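Encoded as structure tokens, the structure appears first; notes follow it.
The values are calculated or read from the model by the stated rules, or taken from the named source; none is laboratory data. Because the structure is predicted, anything quoted here is derived from the model rather than measured. Cβ placement follows ideal geometry from the backbone for every residue including glycine, while neighbour counts extend to all protein chains displayed. Areas reflect the complete protein model, heavy atoms only, side chains present, ligands, DNA and RNA absent. Shrake-Rupley method; radii C 1.70, N 1.55, O 1.52, S 1.80 Å.
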Amino acid sequence: MPIILIMELKQSDFFNDVFEVVKLIPKGRVTSYGAIAKYLGTARSSRMVGYAMNASHFADQKIPAHRVVNRNGLLTGKHHFATETRMQELLEKEGIIVSNNQIQNFEKHFWDPQTELAL
DNA sequence: TGATTGACTTACG
DNA sequence: TCGTAAGCCAATC
């Protein structure tokens, strides 16, 4: 990934905000695309959050994109990782049970930025 | 320049 | 309860 492209990514405030929130997700917790979008004030553009995650691979490797799943706790984004099991492995390493591409006790692990960051 | 396509969510029939 | 449609907006064709 050329630095120029990274800088172009940084031009998007929305992406930047998404990255900031994702980086704040505590270890062993997960959140959803919609929750992040809602926190940013654009609940309807949750697709953009997913898009931002796609770009996160190139923008900043420290972004725990594996902690972001869809609102059902389904690992819909796992294809975008190096391997299909990578996302699950990372989550399980943090104590989250993943079965059949879905996070178990999702509600327990759910981390709502709007609530946790108390805006 | 305009159309299509998403790591999604919500609303409606 | 389940399927379909619409809305969001950046990126790609």
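Taking the stretch A:25-65 as the search range and keeping residues that are modelled with pLDDT of 90 or more and surrounded by fewer than 14 Cβ atoms within 10 Å (Cβ to Cβ), which one is farthest from A:Ile97 (Cα to Cα)?
Across the stretch A:25-65, the extreme among qualifying residues is A:Pro26.
List every residue pair whose Cβ atoms sit under 6 Å apart, with the two residues 6 or more apart in sequence or on different chains, where the first one lies in the stretch A:11-32 and is touching a residue at least 60 places away in the same chain (Cβ under 8 Å) and the second, anywhere, is open to solvent by 70 Å² or more (accessible area, probe 1.4 Å).
Final answer for the pair search is A:Ser32/A:Arg71.
Filter the stretch A:51-62 for residues that are within 19 Å of A:Leu75 (Cβ to Cβ), in contact with a Phe, Trp or Tyr (Cβ under 7 Å, 6 or more places away or on another chain) and more than 10 Å from DNA strand C (Cβ to nearest atom) and give the result. Break it down into steps so the answer makes sense when it comes.
Within the stretch A:51-62, the first condition is being within 19 Å of A:Leu75 (Cβ to Cβ), and the residues that meet it are A:51-57.
The next check asks that each one be in contact with a Phe, Trp or Tyr (Cβ under 7 Å, 6 or more places away or on another chain); those that pass are A:52, A:55-56.
Residue satisfying the conditions is A:Ser56 alone.
I'd like the full set of residues that are out of contact with any Pro (no Cβ under 9 Å at 6 or more places or on another chain), aliphatic (A, V, I, L, M) and surrounded by 14 or more Cβ atoms within 10 Å (Cβ to Cβ), limited to the stretch A:68-96.
A:Val68, A:Val69, A:Leu74, A:Leu75, A:Met87, A:Leu91, A:Ile96
Given the conditions (1) surrounded by fewer than 15 Cβ atoms within 10 Å (Cβ to Cβ); (2) more than 11 Å from DNA strand B (Cβ to nearest atom), and given that A:Pro113 satisfies all but one, which numbered condition is not satisfied?
(1)
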